[in-house]
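Enquirer: Mind looking over this structure? Questions follow.
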Amino acid sequence: MKEIFICNTYYHVLITTIKAFNKKENKPTILIGSETSDNNIINDFRLIENLRQSNLFYEVIICPDLYKEIEAKTKHIKNFNLLLKQYEKFSQKLPVKLQNYDEIYLYCDSAFFGKIVNSLDLKYHLLEDGTDTFNRNPYLLKYIANKIYYRFKKRFFNHCRLGQSRNIIDVEVNSKKGVAFDQKLIVKPKKDMFDALSVDEKNILIDIFMPNLNIDLSKFDSMIITQPIFDCGKIYSMNAQIELYYDIIKEHCQGQKVLIKVHPRDHADYSKLGDNICMLNTPFPLEILNFIQSIHFKTAITIYSTSLYLVENADNKIFLGRKWLKKHIKELKNRGVA
């Protein structure tokens, strides 16, 4: 049986690699592509070579950067049927023929890979884009609130975003709690997945994602997990984003040595926020830090990155949330932060 996992982020590659540990008799193919204008992952030749050297995959395939071309040719198409036909044409530019695979695994069916799979009317398994991303997801709740529109699209078209497609075989989730849609759910807690890893498997993951790291991570008191909130349109300027994280440091990490784990798509420069600050720009899934025994933080902080849920080496975890973000953006504007 031929299996393919379609990955767009380091987290996707991590979960796929862990699943590959249990598929040694039937190695899957991994297709890595970029779903945004930031194509860091497909240009991460270190990661790609490490995956190939791991001997866990039948093939490691890199999709050429199609994002800008797809954006240019689809952004003005309003008719959903015509849009899917355009995505069907784009399927011919993929380095693999998806119809040749018995099992397709997707982490995000709302972006262009999901639209391509659905335009071809292929059945697929959906996995979480991040831990608990389907749990009370505000975009998902808004999307399915209009049930008449949702049922119409599901009945007459191949694709409804965020886990609503009729082409879905099942959805694998970390927890059923708060999942807002009706699909066949397979519950596989991420904690159980990580706890089941052997020491050798953890070392393989460290070698794939974090070889030759030149920073002593054991010397930091706190860790801040950033997000590309300016690039995602959640804040009005890059300067305001940097100021926002400076405020977080002042409030929660005063006098501490702070490690800033920079999101792979975050281009902000936090290096001038203080002498006690260290930026970790190396892209890797945050969960890898749990495998390094020497690392322990007093506090780990994020605005709303769900990766914080799986951080085990922190005494205190602070999840600020979307409401805090909106409130703090107003405060920044009131202070005249440009």
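The values are calculated or read from the model by the stated rules, or taken from the named source; none is laboratory data. Predicted model, so just to flag it, every value in this text is computed and none were measured. Every residue, glycine as well, gets a Cβ built from its backbone with ideal geometry; the counts of neighbours run over all protein chains shown.
Rundown of residues vs (1) at pLDDT 95 or above; (2) over 17 Å from residue 320 (Cβ atoms), yes/no style:
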site: 197; (1), (2): yes, yes
site: 248; (1), (2): yes, no
site: 275; (1), (2): no, yes
site: 283; (1), (2): no, yes
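Enquirer: If you don't mind, another one. Just to verify a result, which residue in the range 109-121, among those that are more than 19 Å from residue 61 (Cα to Cα) and at pLDDT 90 or above, is surrounded by the most Cβ atoms within 10 Å (Cβ to Cβ)?
Expert: Filtering first and then ranking leaves 120.
Enquirer: Oh, and also: Taking the stated definitions as given, is residue 216 within 20 Å of residue 320 (Cα to Cα) and surrounded by fewer than 16 Cβ atoms within 10 Å (Cβ to Cβ)?
Expert: Answer is no for this residue.
Enquirer: Can you tell me which residue within the range 310-323, out of those that are touching a residue at least 24 places away in the same chain (Cβ under 8 Å) and out of contact with any Lys or Arg (no Cβ under 8 Å at 6 or more places or on another chain), is surrounded by the fewest Cβ atoms within 10 Å (Cβ to Cβ)?
Expert: Per the stated criteria, the residue is 322.
Enquirer: Can you tell me which residue among 260, 292, 277 is more than 15 Å from the chain's Cα centre (by Cα) and surrounded by fewer than 18 Cβ atoms within 10 Å (Cβ to Cβ)?
Expert: Checking each option against the conditions leaves just 292.
Enquirer: Quick one: which residue in 233, 255 is on the phi > 0 side of the Ramachandran plot, without any contact (Cβ under 8 Å) to a residue 40 or more places away in the chain and under 23 Å from the mean Cα position of the chain (by Cα)?
Expert: 233
Residue-wise test of (1) at pLDDT 90 or above; (2) out of contact with any helix residue (DSSP H, G or I) (no Cβ under 6 Å at 6 or more places or on another chain); (3) crowded, with 23+ Cβ neighbours inside 10 Å.
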{"residue": "107", "(1), (2), (3)": "yes, no, yes"}
{"residue": "123", "(1), (2), (3)": "yes, yes, no"}
{"residue": "128", "(1), (2), (3)": "yes, yes, yes"}
{"residue": "132", "(1), (2), (3)": "no, no, no"}
{"residue": "139", "(1), (2), (3)": "no, yes, no"}
{"residue": "145", "(1), (2), (3)": "no, yes, no"}
{"residue": "151", "(1), (2), (3)": "no, yes, no"}
{"residue": "155", "(1), (2), (3)": "no, yes, no"}
{"residue": "169", "(1), (2), (3)": "yes, yes, no"}
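Enquirer: For residue 11, which of the numbered conditions (1) within 22 Å of the chain's Cα centre (by Cα); (2) at pLDDT 95 or above; (3) closer than 22 Å to residue 190 by Cα fails to hold?
Expert: Failed condition: (2).
Enquirer: Return yes when residue 333 is under 19 Å from residue 232 (Cβ atoms), within 22 Å of the chain's Cα centre (by Cα) and in contact (Cβ under 8 Å) with a residue 24 or more places away in the chain and no when it is not.
Expert: Taking the combined requirement at face value, the residue does not satisfy it.
Enquirer: Search the range 32-52 for residues being within 15 Å of the chain's Cα centre (by Cα) and closer than 25 Å to residue 1 by Cβ, and hand back the single one that is modelled with the highest pLDDT.
Expert: Among residues in the range 32-52 that are within 15 Å of the chain's Cα centre (by Cα) and closer than 25 Å to residue 1 by Cβ, the one modelled with the highest pLDDT is 32.
Enquirer: Let me ask something else about it. Just one of 70, 6, 77 is closer than 26 Å to residue 233 by Cβ and crowded, with 21+ Cβ neighbours inside 10 Å; which is it?
Expert: Just a single option satisfies the conditions, and that option is 6.
Enquirer: For the range 81-103, does any single residue satisfy the condition of being of a type in the set (Val, Ile, Thr), under 18 Å from the mean Cα position of the chain (by Cα) and not in a helix (DSSP H, G or I)?
Expert: Checked against the condition, which is being of a type in the set (Val, Ile, Thr), under 18 Å from the mean Cα position of the chain (by Cα) and not in a helix (DSSP H, G or I), the range 81-103 yields no hits at all.
Enquirer: Which condition number in (1) crowded, with 18+ Cβ neighbours inside 10 Å; (2) within 23 Å of residue 251 (Cα to Cα) is the one that residue 284 fails?
Expert: (2)
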